[in-house]
Amino acid sequence: MSNKFLLAANWKMHYGPSKAHEFIESFVEQFSPGSEKEVLFFPASIALTAAVAGSAGKKSGQAISFGVQNIYWEEKGAFTGEISASMAKEGGAKYVLVGHSERRHVFGETDEQCAKKCSAAETAGLFPLLCVGETLEQREAGQTEAVVVSQLKNGLSSLESPSSSVQAIAYEPVWAIGTGKNATPADAATIHNVLRATLVDMFGATVGAGIRILYGGSVKPDNARELLDAENVDGLLVGGASLDVDSWLSICSV
Ligand code: PGA
């Protein structure tokens, strides 16, 4: 079975509402959606509604989706600075990134917190997009497979019905993020095969095969095709190269 490619732009802490709106307007103007691809944007939360509005009423706008980069697991309350899954959904999000390496390494997010966020997303009807990946030290110590498998199992451990709530996960080696050093397609395939086997083990053959596994880490227009051609790579999660309309259009058109 081959999955529809998911091409996801992680804008991190770039672009406020006006720039996000302008970017999406320009993107939908030029993008020709194919039936084999889905395009997804993760703007900053404050720019989500402006980004969504940028795609309104355009034909190709229907082929794109939006998400937020983080949520808190409680539904509401005295949690200054946080947003809930239902707020994100109301703002137009369909997905939420969980456990991105910057959340894990800059903000100390743990596997346990990732599991709570995935569960909260599921309850609100948002798709959690769990990210896993090893640091350079872990890679050099030969721990890559053990690290990513444990992050995957722990992160998705509390879901009630993974068959409908998980659409995609992402493998992002920490040493490849924002460094210009991407994993080779062969290296990506090795880890994606391990993740696929783990998903099948956790959720059975049909569900496990249908969850898309994105690769992220220094994806650029000139390496996107070879990475997408690697075994069990069903899409890309792109930071830096998604911040320029032309560069992102060319990745979405490979
Ligand atoms: P990068 O970031 O494409 O700039 O390496 C990817 C990510 O952090 O999702």
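The values are calculated or read from the model by the stated rules, or taken from the named source; none is laboratory data. None of the values given here were measured: they were computed from a predicted structure. Because the Cβ atoms are built from the backbone with ideal geometry, glycine has one as well, and the counts that use them run over all protein chains shown. Note: areas computed on protein heavy atoms with side chains; ligands, DNA, RNA excluded. Shrake-Rupley method; radii C 1.70, N 1.55, O 1.52, S 1.80 Å.
Across the stretch 21-46, the qualifying residues are those that are outside any loop (DSSP other than H, G, I, E, B) and of a type in the set (S, T, N, Q), and the one among them that is least open to solvent (accessible area, probe 1.4 Å) is Ser26. Sub-9 Å Cβ pairs linking a first residue in the stretch 42-53 that is free of Cβ contacts under 8 Å to residues at least 12 places away in the same chain to a second residue that is in a helix (DSSP H, G or I) and not β-branched (Val, Ile, Thr), at least 6 apart or interchain, number zero. The residues of the stretch 212-233 include none that are touching a residue at least 60 places away in the same chain (Cβ under 8 Å), hydrophobic (A, V, I, L, M, F, W, C) and in contact with a helix residue (DSSP H, G or I) (Cβ under 6 Å, 6 or more places away or on another chain).
Say whether the condition of being open to solvent by less than 40 Å² (accessible area, probe 1.4 Å) and touching a residue at least 60 places away in the same chain (Cβ under 8 Å) is met by at least one residue in the stretch 69-92. For the stretch 69-92, residues open to solvent by less than 40 Å² (accessible area, probe 1.4 Å) and touching a residue at least 60 places away in the same chain (Cβ under 8 Å): absent. Of note, Leu236 does not satisfy the criterion of being of a type in the set (A, V, I, L, M), touching a helix residue (DSSP H, G or I) at 6+ places or on another chain (Cβ under 7 Å), more than 10 Å from the ligand (Cβ to nearest atom) and touching a residue at least 12 places away in the same chain (Cβ under 8 Å). Checking the stated criteria, Ser18 turns out to be part of a helix (DSSP H, G or I), over 18 Å from the mean Cα position of the chain (by Cα) and either within 14 Å of Val245 (Cβ to Cβ) or not aromatic (Phe, Trp, Tyr) (or both). Considering only residues in the stretch 176-187 that are within 17 Å of the chain's Cα centre (by Cα) and either outside any loop (DSSP other than H, G, I, E, B) or surrounded by fewer than 21 Cβ atoms within 10 Å (Cβ to Cβ) (or both), the one that is nearest to the ligand (Cβ to nearest atom) turns out to be Gly178. Scanning the stretch 188-227 for residues that are open to solvent by 10 Å² or more (accessible area, probe 1.4 Å) and either touching a strand residue (DSSP E or B) at 6+ places or on another chain (Cβ under 7 Å) or on the phi > 0 side of the Ramachandran plot (or both) yields Ile191, Arg196, Gly204, Arg212, Ser218. One residue stands out among those in the stretch 93-124 that are farther than 13 Å from Ser165 by Cβ and of a type in the set (Val, Ile, Thr): the one that is surrounded by the fewest Cβ atoms within 10 Å (Cβ to Cβ), which is Val106.
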